[in-house]
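Bear in mind these aren't lab numbers, they're just calculated from the coordinates by the rules spelled out. Here the structure is a predicted model, which is why all the values come from computation and not from measurement. Using ideal geometry, Cβ is built from the backbone for each residue, glycine included, and neighbour counts are taken over all protein chains shown.
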Amino acid sequence: MKKISVVLATRNEEENIGPCLESVKGIASEIVVVDEHSTDRTREIAKSYGARVYQEPHHNIFHITKQKAMDYATGEWILQLDADERVSPKLAEEIKTVINLDREGLEEHDRKVGMNRIFVRHQRIIEERDGKVGTEGGEIVAFFIPRRNYFLGRAMKYAGTYPDGVIRLGKNGKVHLPAKSVHEQINIKGRVSWFENDLVHLSHPTFHKYMEGMNRYTSLTAAELQKAHVGLGVFTFLNYMFLKPFFVFLKLYFRYKGLLDMFPGFVWSLFSALHFPTAYLKYMESQKNG
């Protein structure tokens, strides 16, 4: 059995860290937690699961802390998780099975998942936005995992929320986070495949929690607008305040069928669209205040 290092970056996650680590106790050879000086019981709970716990100052780009957690890993494979994620029993079994396949078995697995048009389409969208993920040839060294997002108590299926593929498992030494942007993809020295079973994501159990996240991410987007020296003219104003949110809402709610997720689908589509005017107003305010 090949060894798996489960690594997490945390900050005040006492409500989530226990269930997260409980979901991986059957596959983790070691658990590494790098904590940004939590003021709750996060570190204590992590240690109760046998985790090696390190402390790190808080960074606005959380990927810096995530990469430090990956640097401490000693296993052949690294499974990087957020505290609000849960590895489903079926995913845990799939991970154990797939990483212990020989090269021929891995290729067969890759051919099988490559027939899933949803995964292929999702990866194409990611690569159109962020550039090529991994390499064309060589061995398979990392995996996308389809993520099932829960929003306002509902497992979302539409509005662009599924499969929400995230690269969470990779060979040690073959994966690295540039830690330059919250939206970035992980750098991979090799090919990428997919797992079939879902990673459960409980990121927004309440609307209050969702708004906290929205405030954080719109501030990061505002900083990116400032770095890119986005204009403050009339056309740019109209684009960010009206055109972008209008078309994003139409895309998520109608094209991606967010209406089928009922009220949570409407709220998700609406506030995803409002990300742009909110970030632009923050950017305008920062420019006004120098």
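Brief remarks on what is shown
- Local net charge near S286, Cβ-Cβ under 14 Å (Lys/Arg +1, Asp/Glu -1): +1
- The DSSP beta bridges internal to the chain are antiparallel in roughly 40% of cases.
- Annotation: lysines with alpha-carbon distance below 16 angstrom to K96 (same-chain offsets under eight excluded): K2, K3, K25, K171.
- Across the range 1-42, Cα pairs under 8 Å and at least six residues apart give a relative contact order of 61 percent.
- The chain: calculated mean residue ellipticity at 222 nm from DSSP helix runs of at least 4, using -39500 (n - 2.57): -12000 deg cm²/dmol
- Remark: spin-label model distance K90-M241 equals 4.8 nm, labels positioned 7 Å along the Cα→Cβ axis.
- With a cut-off of 18 Å on the backbone N, the residues of the range 128-163 near the modelled label site 7 Å out from E107 along Cα-Cβ are 135-142.
- Here's the list of aspartates and glutamates a cross-link from K47 could span, going by alpha-carbon distance under 18 Å and ignoring same-chain residues fewer than 8 apart: E13, E14, E15, E22, E30, D35, E36, E56, D82, D84.
- Among V87, V234, V267, residue whose mean-square fluctuation peaks in a GNM of the chain (springs only between Cα atoms under 10 Å): V234
- Look at where the Cα atoms of the range 15-40 and of the range 44-86 average out, and the two centres are 8 Å apart.
- Under 30 Å from the Cα of K288 - lysines, other chains or at least 8 residues apart: K180, K209, K227, K244
- Label assignment, Rg and Dmax of the Cα atoms in Å derived from the structure, set (1) 19.7, 61; (2) 18.9, 55; (3) 17.3, 49: (1)
- Contact order normalised by residue count of the chain, Cα under 8 Å, 6+ apart, percent: 18
- Environment charge of Q55, counting only residues whose C-beta is closer than 10 Å and scoring Lys/Arg +1, Asp/Glu -1: -2
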